[in-house]
Each structure stands twice: as C-alpha cells, then as structure tokens.
Amino acid sequence: MIMKRNIFKYWFFIMSVGLIFTACQDEYELGEILPVENLQYEITQNPDDPNMIILESLTPNATPLWTTPMGRSTRIKDTVLLPFEGTYKFVYGVQSGGGYVSADTVVLNITTQNLSYVDHPLWSLLTGGGVGHSKTWVLDLNAEGVSKYFSGPQYFFGTDNGWQGECLVEDGDCWSWEPDWQGNQWLADLGDYGEMTFSLEGGAFLTADHKMIPARGQESGTYFLDAGSYRLTTSDVTTLHSPNTDACVTNWGSARIFSLTEDYMQLGFVRSASCDGEAMLVFNYISKEYSDKWVPADTPDPEPDLPDGWMDDVSSIVDNELTWVLSPETPFNYAGLDGSILYSWSSPASYPDSTGFDESVPATYEDFSLTFNSADYTVEYVDPDGNTSNGTYTLNDKGFYTFTGVTPSFNIGSVITLHTSTDNQWRILKLEKDQTGAVTGMWVGVRIDGKDQYLAYHLLLQADAGGGSEGTVVPFNNAKLAFGDLEDNGNLRLELYNDFGSTKADPPLDPVAIVFSNRIEITFTLQGITLAGGASGSYNTAIGLADADWSAQYWGGGPGEVTVTGNGTYTVYAEPGSLYETALVFVIDMSGMAADIDDIGAVTATIDNITLY
C-alpha cells in the first residue's frame, strides 16, 4: 500500500500583492496590537516523514509562541516529532509591542507512527521499557527523612554542568555541592512528595501528584526526551520538587538530564538569579520499584567514644574508692548514641520549664551519693532521704555498669527521674577531666525506648562537686564591671579584674581575696543581646585567670566551660590544678560572641556570684 503524502500549509496573509508590499514595510508602534489577519506562519508535515511537523514563523518584528503537543516553543523555526498516530492541536501566536495575539487552533490528524523517535535507551529507562510501558518515580526523600540512594533529595550544580556533571562550556560556570539532607534539612520539609509517571502508552504522557504543593496538586500533560542533548521538556505538568523551590524556577517545563539509570534519575532546572543567584537545582529521583524494594543497610549503632584507659580512670583511684554525687547545676540531659550531649543546658536557669528543674530542685537530692569500691566491686547507694543500701556491681568493656542489690532511683524535679534500665544498668557516655588528666565527672545514661537517644545523668566526684562544701563567696561591685569586645578580637569579655586592663585602677573586687586551691565558680547574667543575621548563636565560654606570679593559670579547655546562646544566667567554673593566690588576670571570655551582637551598647552584664573552693 502506497501512502499518499500530505503537506499541510496554513498561510495567513493579505491577498493583495500591493498590500503585501505595504505590510512588509509596516512598523508597529509600541502599544499597537498586531491584527490577527497579519499573522503569517507555516505548519508543515515532512513529506518523507509525516510524523515530523515543521513550524516556521513568518510574521515580521514579532516573537513567536508556539503551543504544540510536545510543549511550547519561541523559535522562529522548530520541529516537533510525534511518534504516535492521533489528532494533535497546534496554536501559533506572537508577542509584539502591543501584546500577545494568537491565531485559531490548527488540528492535524496523524495517521502514521514513527517509533524511531523513542527508540533510544534513555526512553526505555525513563518509561520502564519504551513504547507500551510506563514507569513511576518518586523524590528521594520519604516522610521519615530517609534518602534511599542519594545523600538527599536535591543537589546544586553550576549553570554549565550537564550529563553526569560534565562541564558543557570550557571555563564555564561548573561546580557542584551534594549536601546530605540529615545535616541540611532546610533543603526540603519532611513529607510525602507524591509520585510521577512517565508513559509511552499511546503517547508520551506524564502525570504528577504534587502532595507537598497543593497549589499544583495532580497535573497531567505531555513530555519529550531529546536523547541527543539530554533534555526533557514537559507541557502542562511539572516534575516533583520541593515547595520552597517552586517560585525559584521560571521554567519548570525545561529540564537538563544529569543522570538516568534503571534505579535513579537526576533532573536539573535553572534557578533564577533572585533566589541566591543562578544555579542548577538538581532533583534526585528513584524509581518507585527501587523505593519499594529498598532495605536499610544493617549498620551498627554508634558507640560512645571513651578515651584510652577510661576503665582505670573510673576505678584505680587512691583506696580504690570513688564517691559520686549528682551535679547541682546540670544533673541531666539527653545524649546521642555516640555519647554526645544534645542540649546546651548550663545551669538550673537554662533548663526549659517543661523539665520541671529549677534552682530549688538540687537541694532535694544533695544527700544522694554512690560509692564504688573497685577492690571488691561493692557499691553503697545513699538515696536523697539518707537511706543506705549496699550491693555489688560489674563494669564491662563497653562501659556498662550492672548493679546487684541496689537500684538507684529517685525523682529529679517534677518530670525527670533518675533510674537504671530494666537490666539495672547504666552506660558511661562521657568522661570529664581536669588539666592534670584526673577524672572530675562523668555522664551515664539509660537508652530511651524507641529512640536513638539516652537519658543522661551528670555525676561528679564528691571532692569536685562544687556544692559539696559551702565555699567562700567573694564580694563583687557590678557597677565597676568592665565588659565588651575589650581586646578587639571579636570575643565578649567580662573583666572582673585585670592588672593590664581598666579594672586595675578601680577594681570591682579585692584581687588579694582570690585565693583557692580546688575550684572557682562564677554565675553571671547577660541581657539586651540581639544577634545579627547569620550569627553562630552558640559561643564557647570559659574563665581565664592567672595569679600574681603566673604560677597558677587557666585559659579554658576544662570541663567547666559552658555554651552561651544569648540572654540568660550561666555558671562557669575553672580548676587551675594548683594553689591560686591573688588575681593578676581574672576574666570570662565568650569566644566570637561580640562580633555577632547587633548592638553591643545595649548589652548589660552582672556577676551574680563568685565562690571559691
């Protein structure tokens, strides 16, 4: 059978020859709408390939806008490849000085197929087999915050990167950043992002269910994959993406393919300059089949990283006996499986109200103690009411204390209870040491059911507990306190006394009165702090001191450091490791904080208490 060749040509022009010459010389003034009868264009089927439609705009001084079954185009001359037979609609319009105007819809009835247009491995990968198949894809981030193939749902590339990250332009804008979602959760909110399906069943159709973008909802349209240039165009439908990027891409219908395999796909879209500068937003997808079959890798839980010799640190002390008490300042916190303390609580005042812990609570458990004897592995437990019980314990190489005969348990405030696990165990999560290397405290914990966290308790050696003796309170005149960026290094300093500073002439305390052999604790309050945009918001804080002959010094690095986050009351302590007599330098430094304060002149500071032990 010989198929008759059809050539469809649609001309819109003025029939008068004289007027044709006149029209060719017309110049449309700004604001004048181009008459529809002046639109000139051709829509032609290739006589040798009726599935190839050639578009050509012949209207002078106007920008064409074609609406085709495969998307939109602004080219003067373009080609549309329609693999399947069917009825297809085309609309020609132009944008001129007076605005947009379009001609009537042109309908073509295609009676042939040319499947060579989609006979490429990329089409097969995208659709799960090519003609007659469809394949569903999902964004690589589920509602539980898990990315199953990539590090996260979105990467960033330069505007000149392309297939497999290749730089398409010599010395072009080529770079990449592949952030992990767990550490950059601002990339995309948790949730079900829906599915999208690429089909080659009777046509190239794409459907997308934008569950995270209600304004888009369920979309349906067409698509075309240009395998030669690794381009994917869509019409009336957009691929899945995060809501916070929706307004940052001006053309969601034009994607650059960065990778495409049976299991995963990456599509890049140009981010507009108004959204932190032009870049390629590359979204990471996995096939629904891959997602459904995915099984998490069997990776072991993180372990607390205890220092070498830690078992001797908590056992081999003089007389093999250690007595531990609960910290009056930071008795509890939460810790990750690696033993890291999760919240920067530094004093009773810094604990949230929801915990029920405040400055009145430590007095309720000040009689509590646990005494371990590593010679015979006996333990004595004194509860907060003064009741004593005795038992034994074991300590294994994983840091687990297991008790027999005693079960430490009592309420800390109104919410948190000190207790052991169902196996009557505690696990050592972290050790604290002074400058001499001696242990001063430790965090022990009980894993919380169903969570990758420990409820952690802060134990201090009784000799180092601070609250174990009354101590000596040093009088202080806050009217003479010097504070600010006193050394022009970006640190916020509270100068209690400095023989080389302004407080030497009019000291707020008696430097001769600063005499101690064990420990010094300082409680201070900050108000009026407003942090500038982009500020760290977390500042390591330590006492710095040197005595009159520099024989005793301390400049941070010990367990007494705290993290200051802004307005509030904080307690910091120092243990120089030797007798300290007469202050020469006596300061508190908050590293980098002054540089981040919006108006340091609005800040107020007071020293609430100085106690020597």
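Accessible surface computed residue by residue for the chain, with neighbouring protein chains in place and a 1.4 Å probe, gives 48 Å² per residue.
The figure for residue 36 is an accessible area of roughly 70 square angstrom, using a 1.4 Å probe on the protein chains alone. In this simple spin-label model, placing a label point 7 Å from the Cα along the Cα-to-Cβ direction at both residue 136 and residue 480 gives a separation of 7.7 nm.
Distances between placed amide hydrogens fall under 5 Å for residue 280 paired with 157, 158, 159, 271, all partners being 5 or more residues away or on another chain. The 3J(HN,Hα) values that the Karplus relation (6.51, -1.76, 1.60; θ = phi - 60°) gives for the stretch 39-46 are, in residue order, 5, 10, 6, 10, 10, 10, 7, 5 Hz. Gly and Pro appear as x.
In the stretch 534-578 the Cα-Cα distances spread across 5 Å bins starting at 0 as 5, 21, 24, 19, 14, 9, 6, 2, 0 percent of all pairs. With the charge dipole of the stretch 386-514 set up from +1 on Lys and Arg Cβ and -1 on Asp and Glu Cβ about the Cα centre, the Cα lying farthest toward the positive end among the listed residues 511, 458, 446 is that of 446. Restricting the stretch 50-147 to GluC sites (Glu not before Pro) that sit in a DSSP loop and have at most 12 other Cβ atoms within 10 Å of their own Cβ leaves 144.
Could you tell me the calculated FRET efficiency between residue 489 and residue 173, based on Cβ-Cβ distance and R0 = 30 angstrom, to the nearest 0.05? Plugging the Cβ-Cβ distance into 1/(1 + (r/R0)^6) gives 0.20. With no solvent and one equal point scatterer placed on each C-alpha of the chain, evaluate the Debye formula and give log10 I(q)/I(0) for q = 0.08, 0.09 Å⁻¹, two decimals. Result of the Debye calculation: -0.78, -0.87. Listed by chain and number, the lysines whose C-alpha is less than 23 Å from the C-alpha of residue 451, apart from same-chain residues fewer than 8 away, are 148, 398, 430.
In the chain, helices alone account for a calculated mean residue ellipticity at 222 nm of -1000 deg cm²/dmol, with every DSSP H run of four or more residues adding -39,500 (n - 2.57).
Mind checking the dipole of the stretch 360-514: about its Cα centre, +1 per Lys or Arg Cβ, -1 per Asp or Glu Cβ, Debye to the nearest 20?
Details: 9 positive and 21 negative charges, 82 e Å.
Dipole size: approximately 400 debye.
Using a probe radius of 1.4 angstrom, the carbon and sulfur fraction of the accessible surface of the chain is 48%.
Shown in residue order for the stretch 102-116 are the 3J(HN,Hα) couplings computed by the Karplus curve 6.51 cos²θ - 1.76 cosθ + 1.60 at θ = phi - 60°: 10, 8, 5, 5, 9, 10, 10, 9, 8, 10, 10, 10, 9, 6, 5 Hz (x for Gly and Pro). Site pair residue 579 and residue 272 shows an inter-label distance of 7.4 nm when each label is modelled 7 Å from Cα along Cα→Cβ. Between residue 364 and residue 250, the modelled labels are 6.3 nm apart [label points 7 Å from Cα along Cα→Cβ]. Each Lys and Arg contributes +1 and each Asp and Glu -1, all at the Cβ; summed about the Cα centre of the stretch 276-351, the dipole is approximately 420 debye. Working note: Debye formula, equal point scatterers on the alpha-carbon atoms of the stretch 141-215, no solvent; log10 I(q)/I(0) at q = 0.11, 0.18 Å⁻¹ is -0.44, -0.93. Straight-line cross-link reach from residue 504 at under 29 Å between alpha-carbon atoms covers these lysines, not counting any fewer than eight positions away in the same chain: 480. Ranking 300, 336, 413 by Cα position along the charge dipole of the stretch 289-424, where only Lys, Arg, Asp and Glu carry charges on their C-beta atoms, puts 413 farthest toward the positive end.
The values are calculated or read from the model by the stated rules, or taken from the named source; none is laboratory data. The structure presented is a predicted model; accordingly, all values stated were derived computationally and were not measured. A quick note on method: Cβ atoms are made from the backbone with ideal geometry, for glycine too, and the neighbour counts reach across all protein chains shown. Just so you know, the surface numbers come from the protein's heavy atoms only, side chains and all, with ligands and any DNA or RNA stripped out. Shrake-Rupley method; radii C 1.70, N 1.55, O 1.52, S 1.80 Å.
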